[in-house]
Amino acid sequence: MDADPKLVRDIFNAGGKTLKKCMQCATCSVVCPLSPDENPFPRKEMIWAQWGLKNKLLKDRDVWLCYQCNDCSAYCPRGAQPGQVMAALRAITIANYSFPSWFARLFLNAAYLPLLYVIPIILMGIYFASFAPHGFALPAGKVVFSNWIPHEHVEAVGLALGAWVFFAVGVGIFRYWTALSSEKGRIYYVPIGEGEGKGPMDVVEGLFYAVLDVIFHRRFNECEESKYRFYAHFGVFYGFILLGISTLIAVVYMLQGRPLGLPLTDPAKIIGNIGAVLLFFGASWLVYERFVKKDRVGFGGYFDWFFLGNLYAVAITGILTEALRVANVAAAYYMYAIHLIFVFVLLIYAPYSKFAHLAYRTIALAHEKSFGR
């Protein structure tokens, strides 16, 4: 099978710099609580990566069946940190199948980070110069964000971003599903009965149970070394969902003609604030544990930190924006603009960042449940 000499370099750039330390002892596959007895991971992925077998890895669902528990990294006698390598392989998979793939590759190299933020900053400047009611000037009087940036403009941009994200993610997961379903993508096949957890099922049933796995974080709960990830990730996941629900309620209010400078007692605000708290503490926990356990299980690569850092910035700037608005401080306007930039980055780059894990992992789980292993 042809080897890609660039694969190892891409793995290094995506955070898997310890790959070459692996001596193929198989400790990682033995200690992993998620790895099956038949064709276990991540040992085979480590050797395929060392050999540059990119085509095999791009059609290997097991890179998504790994939840980066880091049990493998904690017990690795050589410090090869298989969990980090598997994370890098997921980033490379996203870059390969995303649309357009050339743009997705920007997220594998930290050198492009300034460009990714310069784009929304320039767009924000164009907006204030051309469309904002007061231009760059701040409105006088009580702090009302809609007097500076009308909520209709924010929601219109949000709908456009949402449409783009759904299209780009849809193309990516279609390409990935097609690759998994090809003959070359069927690395092995182990039918083990019928029904949930026993496969194979029909595709709709497989997708249904895969979504349940994601919603309830079932496999996260099997981790040992990084048990905290179940709770921290749970907070981030549901915090983001609650913020989305709050935003939808606000859109309904807007369509009804209600003003959106809502009091803290409004249901939309209550739901949104609970979501913000969950998001903040979940992200804080993830950041803290990465620093505490960096020597034992790894610090994470640029791909991970780009998403986590931006998510953390969305939570912090959102909380500060509301606090400054309630205090009626003019600086709230500037914080609001900064918050919108981070939200823009989080959403517009969702098909290429770690945010896309939600889609690709669900598809990989659905394929496993539908076709067996």
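Looking only at residues in the stretch 305-315 that are of a type outside the set (Gly, Ala, Ser) and buried (at least 19 other Cβ atoms within 10 Å of the Cβ), which one is farthest from LEU278 (Cα to Cα)? Spell out how you get there, then give the answer.
Initially, the stretch 305-315 is screened for residues of a type outside the set (Gly, Ala, Ser), giving 305-308, 310-312, 314.
If we keep only those that are buried (at least 19 other Cβ atoms within 10 Å of the Cβ) as well, we get 306-307, 310-312, 314.
Numbers: PHE306: 20, PHE307: 17, ASN310: 16, LEU311: 12, TYR312: 11, VAL314: 13 Å.
Only one residue fits best here, namely PHE306.
Which condition number in (1) in a helix (DSSP H, G or I); (2) over 30 Å from CYS72 (Cβ atoms); (3) out of contact with any Gly (no Cβ under 7 Å at 6 or more places or on another chain) is the one that HIS339 fails?
(3)
Taking the residues in the stretch 15-59 that are surrounded by fewer than 22 Cβ atoms within 10 Å (Cβ to Cβ) and of a type in the set (Asp, Glu) as candidates, determine which candidate is nearest to ARG218 (Cα to Cα).
That would be ASP37.
Can you tell me how many residues within the stretch 22-53 are in contact with a Lys or Arg (Cβ under 8 Å, 6 or more places away or on another chain) and within 12 Å of THR93 (Cβ to Cβ)?
Here the count works out to 0.
Tell me the residue from TYR117, TYR127 that is under 18 Å from the mean Cα position of the chain (by Cα), part of a helix (DSSP H, G or I) and closer than 30 Å to ALA327 by Cβ, please. Walk me through it before giving the result.
Values: TYR127 fails: under 18 Å from the mean Cα position of the chain (by Cα).
Of TYR117, TYR127, the one residue that is under 18 Å from the mean Cα position of the chain (by Cα), part of a helix (DSSP H, G or I) and closer than 30 Å to ALA327 by Cβ is TYR117.
Return the pairs, sorted by first residue and then second, in which the second residue is charged (D, E, K, R) and modelled with pLDDT of 90 or more, the first residue lies in the stretch 244-265 and is closer than 16 Å to GLY318 by Cα, the beta carbons are less than 7 Å apart, and the residues are 6+ apart or on different chains.
Final answer for the pair search is LEU262/LYS269; PRO263/LYS269.
Given the residues TYR349, TYR302, which is the only one that is buried (at least 18 other Cβ atoms within 10 Å of the Cβ), touching a Leu at 6+ places or on another chain (Cβ under 7 Å) and among the hydroxyl-bearing types (Ser, Thr, Tyr)? So that I can check it myself, show each step before the final result.
Numbers: TYR302 fails: touching a Leu at 6+ places or on another chain (Cβ under 7 Å).
Exactly one residue qualifies, and that residue is TYR349.
Taking PHE280 as the residue in question, decide whether it is buried (at least 17 other Cβ atoms within 10 Å of the Cβ), in the same structural domain as HIS339 (by TED's automatic domain parsing) and closer than 28 Å to LEU34 by Cβ. Spell out how you get there, then give the answer.
Details: buried (at least 17 other Cβ atoms within 10 Å of the Cβ): yes; in the same structural domain as HIS339 (by TED's automatic domain parsing): yes; closer than 28 Å to LEU34 by Cβ: no.
For PHE280, the condition - buried (at least 17 other Cβ atoms within 10 Å of the Cβ), in the same structural domain as HIS339 (by TED's automatic domain parsing) and closer than 28 Å to LEU34 by Cβ - is not met.
Within the stretch 147-156, identify whether any single residue is among the charged types (D, E, K, R), at pLDDT below 90 and under 22 Å from TYR349 (Cβ atoms), and answer yes or no. Write out each step before concluding.
Just the residues of the stretch 147-156 that are among the charged types (D, E, K, R), to begin with: 152, 155.
In the following step, the residues that additionally are at pLDDT below 90 were identified as 152, 155.
Cutting the leftovers down to under 22 Å from TYR349 (Cβ atoms) gives us 155.
Yes, some residue in the stretch 147-156 is among the charged types (D, E, K, R), at pLDDT below 90 and under 22 Å from TYR349 (Cβ atoms).
Hey, can you tell me all the residues within the stretch 140-156 that are closer than 17 Å to LEU340 by Cβ and without any contact (Cβ under 8 Å) to a residue 60 or more places away in the chain? Talk me through it step by step, then tell me what you get.
Restricting attention to the stretch 140-156, the residues satisfying the condition of being closer than 17 Å to LEU340 by Cβ are 143-156.
If the condition is that a residue be closer than 17 Å to LEU340 by Cβ and without any contact (Cβ under 8 Å) to a residue 60 or more places away in the chain, then ASN147, PRO150, HIS153, ALA156 are the ones that fit.
Would you check which residues across the stretch 287-306 are more than 20 Å from the chain's Cα centre (by Cα) and acidic (Asp, Glu) and list them?
ASP295
Looking only at residues that are of a type in the set (Phe, Trp, Tyr) and outside any helix (DSSP H, G or I) in the stretch 130-148, which one is nearest to ASN310 (Cα to Cα)? So that I can check it myself, show each step before the final result.
Residues of the stretch 130-148 of a type in the set (Phe, Trp, Tyr): 131, 136, 145, 148.
Those still in the list that are outside any helix (DSSP H, G or I) too: 131, 136.
Details: PHE131: 27, PHE136: 25 Å.
Of everything passing the filter in the stretch 130-148, PHE136 is nearest to ASN310 (Cα to Cα).
So for the stretch 84-100 (the condition being over 16 Å from ARG175 (Cα atoms) and more than 20 Å from the chain's Cα centre (by Cα)), does at least one residue qualify?
Applying the first criterion (over 16 Å from ARG175 (Cα atoms)) to the stretch 84-100 yields 84-89.
Filter again for more than 20 Å from the chain's Cα centre (by Cα), leaving none.
No - not one qualifying residue is present in the stretch 84-100.
Considering only the stretch 272-298, state which residues are over 20 Å from LEU347 (Cα atoms) and touching a helix residue (DSSP H, G or I) at 6+ places or on another chain (Cβ under 6 Å).
Passing the criteria: ILE274, PHE281, TRP285, LEU286, GLU289, ARG296, VAL297, GLY298.
May I ask you to verify whether ASP71 is over 29 Å from PRO351 (Cβ atoms), in contact with an Asp or Glu (Cβ under 8 Å, 6 or more places away or on another chain) and either in contact (Cβ under 8 Å) with a residue 60 or more places away in the chain or in the same structural domain as GLU225 (by TED's automatic domain parsing) (or both)? Lay out the reasoning, then the answer.
Values: over 29 Å from PRO351 (Cβ atoms): yes; in contact with an Asp or Glu (Cβ under 8 Å, 6 or more places away or on another chain): yes; either in contact (Cβ under 8 Å) with a residue 60 or more places away in the chain or in the same structural domain as GLU225 (by TED's automatic domain parsing) (or both): yes.
The answer is yes for ASP71.
Scan the stretch 81-100 and tell me whether some residue there is closer than 22 Å to PRO5 by Cα and part of a loop (DSSP other than H, G, I, E, B).
Yes, the stretch 81-100 contains at least one residue that is closer than 22 Å to PRO5 by Cα and part of a loop (DSSP other than H, G, I, E, B).
Scanning for something crowded, with 17+ Cβ neighbours inside 10 Å, within 22 Å of the chain's Cα centre (by Cα) and over 22 Å from PHE303 (Cβ atoms), does the stretch 146-157 turn up at least one residue?
Scanning the stretch 146-157 turns up at least one residue that is crowded, with 17+ Cβ neighbours inside 10 Å, within 22 Å of the chain's Cα centre (by Cα) and over 22 Å from PHE303 (Cβ atoms).
The values are calculated or read from the model by the stated rules, or taken from the named source; none is laboratory data. Quantities reported herein were computed from a predicted structural model and do not represent experimental measurements. Counting neighbours? That spans all protein chains shown, and the Cβs are built from the backbone with ideal geometry, glycine included.
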